[in-house]
Amino acid sequence: MRKVSALLMAGVLAFSLVGCGGNSDSDNKTTSDTSKKATSSETKKEDEHIKCDLTVWSPAEDQSPDYGEWLQTQCKAFAAEHPNWEINFKYGVTPEGDAAKVITQDVDAAADVFMMSNDQLTNLLPAKAVARIGGETEKYVKETNTQAIVDSLTVDGALYGVPFTSNTWFMYYDKSVFSDDDIKNLDTMLKKGKVSFPITNSWYLSSFYLGNGCTLFGDGTDADAGIDYSGKKGSDVTDYIVDLLANKNFVVDVDGSGIAGIRDGSVKAMFSGSWDYAAVKKALGDNIGVAQLPKYTLNGEEKQMYSFAGSKALGVSANTKNPEVAVALAKYLGSPEAQKSHYEARNIVPCNTELLKDSVFEKDILVKAQNDTINNTSFIQPFVAPMANYWTPTDNFGKSLRNGEVTHKNAAESTEAWNKNMNTSAVN
């Protein structure tokens, strides 16, 4: 879901296959060539007869009877809307976070359409395994999603994928313990009940540091800027976390202990994503609260926590033999109707801005929390190649904090060493 491998952008061909039905020579086209071809070919009539096999990959849950066989149902509905397209659907199981690992093993054998986390692009692009989305579908994506979502799927100005949900984390809490004012500040919450946080997980740890002016590649796109957690802006946060870990009401969430604590009542708040909603709802019932990230108090000043954010999307193989059909299906699976159905089946929070105006979603606490986080308290996870060096040193630093190896006495020194490791290409 999170770990980004090095992105070798130099020399990567970007493919734009929107509406290029039946054309097999696009693999040899440059980005500008394929963009022009996509624009002109979108006038192709949908009443033209097409007969093809189309392979689609998704997580197992989307194909399970327990969730209404969401993927198969949507594909059947898509076929019904295109009666002149004789499609034989084939299904495969691949989690969004494993898309690149599976696809790059054999690019030619990959699915025509697949679900992916946006961070998978860092491996799919160098392998020339994912098609650029252009033409009318690109326009549709940009008109029906926030800029943050569009940016999460854009590399060097090119769009890769049709988004169907945002991907981030936020806070769950027990409303019988914490008031609306309490949840605005983590330190206030810790005075009232136990709060669980995955401090040893690098996808979460930086939320404190980003709130105090630490930076990841400038705005996240400048590889030359590096990672800057140095000086007091970094060491002051480390000092804060040392105290946090000494607080009897702060619980390190490891190996599912956070959700276990919610279930047995020992934990009153935890940080996670939509994937844990059903379990938290079952445990807390009407007392479930969901909110964007709180602030924390550092040296007498409130600092906002920021989560990493991205998206999940429908990707199209750069090698599909049926690009017109594949892109049309990707667009359909990311449509408002499909997103609504996905939410009803699995609580997959929609990202389509028009759909989110629906009163059903405006009042939904999970939808509101996730989108509030994306729009207000998140940082788009960097795509630059050196980001690959962030993960392991940060995991290790979080473990050193948990184990008490980092103290007030060595906080500054330890933070500087961590910062150096994150900026060293030899560390992975």
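The values are calculated or read from the model by the stated rules, or taken from the named source; none is laboratory data. Fair warning: this is a prediction, and the values are worked out from it, not measured in the lab. Note that each Cβ is placed from the backbone with ideal geometry, even for glycine, and that neighbours are counted across all protein chains shown. To get the accessible areas, we keep the full protein, side chains included, count just its heavy atoms, and leave off ligands, DNA and RNA. Shrake-Rupley method; radii C 1.70, N 1.55, O 1.52, S 1.80 Å.
Counting every alpha-carbon pair across the chain, the share separated by more than 30 Å comes to 45%. Note on segment 179-268: Rg/Rh from C-alpha atoms, Kirkwood Rh, equals 1.04.
Taking the Cβ of THR215 as the center, what net charge do the other residues with Cβ under 10 Å away carry, scoring Lys and Arg +1 and Asp and Glu -1? Neighbour charge sum, excluding THR215 itself: -2.
Mind checking the per residue accessible area of the chain for me, 1.4 Å probe, whole number of Å²? Working shown, then result.
Details: 17640 Å² over 428 residues.
With all protein chains present, the chain gives 41 Å² per residue.
State the Cα centre-to-centre distance between segment 320-372 and segment 130-203 in whole Å. Measuring centre to centre over Cα atoms gives 15 Å.
When the Cα positions of TYR240, ALA260, GLY226 are compared along the charge dipole of segment 223-282, ALA260 comes out farthest toward the positive end, with charges on each C-beta of Lys, Arg, Asp and Glu. Rg and Dmax of segment 294-340, both derived from C-alpha coordinates alone, stand at 20.1, 61 Å.
Taking a temperature of 37 °C and a viscosity of 0.692 mPa s, what whole-number D in µm²/s does Stokes-Einstein yield for segment 105-262 with Rh from Kirkwood over alpha carbon pairs?
Values: Rh = 19.1 Å.
Taking Rh from Cα pairs, D becomes 172 µm²/s.
With the biggest extent put first, the Cα atoms of segment 87-196 measure 56, 30, 29 Å across the principal axes. Each residue of segment 204-330 gets 182 Å³ once the volume of the Cα convex hull is shared out per residue. The angle between the Cα long axis of helix 231-246 and the main principal axis of the chain comes to about 70°, on a 0 to 90 degree scale. Principal-axis analysis of the Cα atoms of the chain puts helix 323-333 at an angle of about 40° to the longest axis.
With 12 Å as the cut-off, how large is the P(r) tail for segment 178-217, expressed as percent of Cα-Cα pairs?
On the way: 518 of 780 pairs.
Counting pairs separated by more than 12 Å, the tail of P(r) holds 66 percent.
Can you give the net charge of the other residues whose Cβ lies under 15 Å from the Cβ of THR407, counting K and R as +1 and D and E as -1?
-3
Counting only Cβ charges, +1 for Lys and Arg and -1 for Asp and Glu, the dipole size of segment 56-215 around its Cα centre is about 440 debye.
Starting from the Cα-Cα distance between ALA417 and ILE365, subtract it from 0.36 nm times their residue separation and give me the gain in nm to one decimal. The partial results should precede the final answer.
Working: separation 52, 0.36 × 52 = 18.72 nm, distance 4.07 nm.
That works out to 14.7 nm of additional length.
Comparing segment 328-393 with the 2.2 N^0.38 Å rule of thumb, its C-alpha radius of gyration ratio is 1.41 (two decimals). Axis of helix 336-346 versus longest Cα principal axis of the chain: the two differ by about 50°, to the nearest ten degrees.
Using the Cα centre of the chain as the reference point, and only Cβ charges (+1 on K/R, -1 on D/E), how large is the resulting charge dipole? Debye, rounded to the nearest 20. Intermediate results must be reported in sequence, preceding the final value.
Working: 41 positive and 56 negative charges, 131 e Å.
Computed charge dipole of the chain: roughly 640 debye.
Checked against a 20 Å cut-off, the cross-linked pairs LYS248/LYS420; LYS184/LYS268; LYS90/LYS321; LYS76/LYS368; LYS312/LYS340 give Cα-Cα distances beyond that limit for LYS248/LYS420; LYS76/LYS368. Between LYS76 and ASP222, the contour length at 0.36 nm per residue exceeds the alpha carbon distance by 48.2 nm. Looking at segment 298-428, the pairs of alpha carbons with a distance over 20 Å make up 66% of the total. Would you kindly calculate the translational diffusion coefficient of segment 65-140, applying Stokes-Einstein with the Kirkwood radius from alpha carbon pairs, for 25 °C and a viscosity of 0.890 mPa s, and quote it in µm² s⁻¹ without decimals? Rounded to a whole number, D works out at 171 µm²/s.
Take every Cα pair under 8 Å whose residues are at least 6 apart in sequence, average their separation, divide by the length of the chain, and the relative contact order is 24 percent. Only Cα sites of segment 50-96 enter the Debye sum here, all with the same form factor; the resulting log10 I(q)/I(0) across q = 0.24, 0.27, 0.28, 0.29 1/Å is -0.86, -0.98, -1.02, -1.05, listed in q order.
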